[in-house]
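Undergrad: The structure's right below; bear with me while I get my questions together.
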Amino acid sequence: MTAGAPPAPDRAQEAPLVEAMLHLLDREQGKQVTLGHFVAAMGQRGFGFCLIVFGILAAISPPGVGSVMGAPPFLFAAQMVWGFRQPWVPSFLARREFSADNVKRTLERARPWLKRIEIFAKPRASWLARGLIERLVGVVVMILCCVILLPGPFTNNPPGIAIMLLGFALAERDGVLVVLGLLAAVVAFVVGLSAFIAVAVALWAWAEGYF
């Protein structure tokens with residue numbers, strides 16, 4: 001059964017991100033919830049939430065599978081550039097259901113690791129996490145997603161980590177983390193593109209041996 005009205009958004013807007021997600025999942029204990037419902041409940045933090053989720057998926061996925069993970073964050077980043085206030089989730093994704101209890105257990109297992117980032121991430125220099133800077137972050141994420149779509153090792157892991165950091169920065173309205181995330185994005189772009197070029201050159205040299 002799909003959950004009804006989204007939980008009250010105030011807690012999801014003000015609490016630290018991990019705490020806010022756990023609170024939302026507590027409200028839906030024992031139920032099946034949809035991705036669209038959960039993103040809507042996150043309100044204006046929805047973009048950060050989406051970038052965190054798909055950034056992590058891109059970072060931990062093996063080459064090939066990870067490349068597929070470049071498409072969803074590209075969609076959300078394009079919406080940021082376009083000026084959307086909240087993420088628009090395509091219907092085929094918005095209708096996807098998951099167990100609130102299973103997600104909560106997974107989140108609690110990952111909580112110690114996520115807390116390390118969350119302890120550092122806090123509202124500060126928030127002007128760097130909205131407006132034109134937020135749109136710039138969207139452009140950077142779109143570029144990183146293009147790198148993720150490239151085949152080869154290390155084309156998805158570093159960009160995925162950078163996207164995750166930028167997601168935390170937006171969700172926590174942390175301008176300092178935005179700057180650090182943008183620096184990480186530059187490193188991720190160089191590493192990912194260099195890995196792709198190295199693989200392409202090696203394949204070209206290998207192919208030349210057969211002609």
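Undergrad: Go through Glu108, Glu97 for me and flag whichever is acidic (Asp, Glu) and more than 23 Å from Glu19 (Cβ to Cβ).
TA: Glu97
Residue by residue, here is whether (1) surrounded by 19 or more Cβ atoms within 10 Å (Cβ to Cβ); (2) over 20 Å from Met80 (Cα atoms); (3) within 15 Å of the chain's Cα centre (by Cα); (4) of a type outside the set (Ser, Thr, Tyr) holds:
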site: Ala121; (1), (2), (3), (4): yes, yes, no, yes
site: Ser126; (1), (2), (3), (4): no, no, no, no
site: Val140; (1), (2), (3), (4): yes, no, yes, yes
site: Met164; (1), (2), (3), (4): yes, no, yes, yes
site: Gly167; (1), (2), (3), (4): yes, no, yes, yes
site: Ala171; (1), (2), (3), (4): yes, no, yes, yes
site: Val186; (1), (2), (3), (4): no, no, no, yes
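Undergrad: Condition check: surrounded by 14 or more Cβ atoms within 10 Å (Cβ to Cβ) and under 30 Å from Gly131 (Cα atoms). Does Ala71 satisfy that?
TA: No, not satisfied.
Undergrad: Also, I was wondering about something else. I'm trying to understand the selection: among the residues of region 53-68, which are more than 25 Å from Ala129 (Cβ to Cβ) and either buried (at least 19 other Cβ atoms within 10 Å of the Cβ) or touching a helix residue (DSSP H, G or I) at 6+ places or on another chain (Cβ under 6 Å) (or both)?
TA: Gly66, Ser67, listed by residue number.
Results for (1) among the hydroxyl-bearing types (Ser, Thr, Tyr); (2) out of contact with any strand residue (DSSP E or B) (no Cβ under 8 Å at 6 or more places or on another chain); (3) under 30 Å from Val199 (Cβ atoms); (4) crowded, with 24+ Cβ neighbours inside 10 Å, shown as yes or no for each residue.
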position	(1), (2), (3), (4)
Leu35	no, no, no, no
Val39	no, yes, no, no
Gly43	no, yes, no, no
Leu51	no, yes, yes, yes
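Undergrad: Against the condition at pLDDT 80 or above and farther than 17 Å from Ile52 by Cβ, how does Leu144 come out, does it pass?
TA: no
Undergrad: How many residues, within region 74-108, are exposed (fewer than 14 other Cβ atoms within 10 Å of the Cβ) and of a type in the set (S, T, N, Q)?
TA: Count: 3.
Undergrad: Considering only residues that are assigned to a helix (DSSP H, G or I) and more than 14 Å from Leu17 (Cβ to Cβ), which ones fall in region 111-130?
TA: Correct list: Pro112, Ser126, Trp127, Leu128.
Undergrad: Can you name the condition, by its number, that Pro62 falls short on among (1) touching a residue at least 24 places away in the same chain (Cβ under 8 Å); (2) closer than 22 Å to Val147 by Cβ; (3) of a type outside the set (A, V, I, L, M)?
TA: (1)
Undergrad: Could you identify the single residue in Ile133, Ile143, Ile161 that is in contact with a helix residue (DSSP H, G or I) (Cβ under 8 Å, 6 or more places away or on another chain) and in contact (Cβ under 8 Å) with a residue 60 or more places away in the chain?
TA: Just a single option satisfies the conditions, and that option is Ile161.
Undergrad: Which condition breaks for Gln86 when tested against (1) touching a residue at least 24 places away in the same chain (Cβ under 8 Å); (2) polar (S, T, N, Q); (3) outside any loop (DSSP other than H, G, I, E, B)?
TA: (3)
The values are calculated or read from the model by the stated rules, or taken from the named source; none is laboratory data. Just so we're clear, the structure is a prediction, and the values are computed from it rather than from any experiment. A quick note on method: Cβ atoms are made from the backbone with ideal geometry, for glycine too, and the neighbour counts reach across all protein chains shown.
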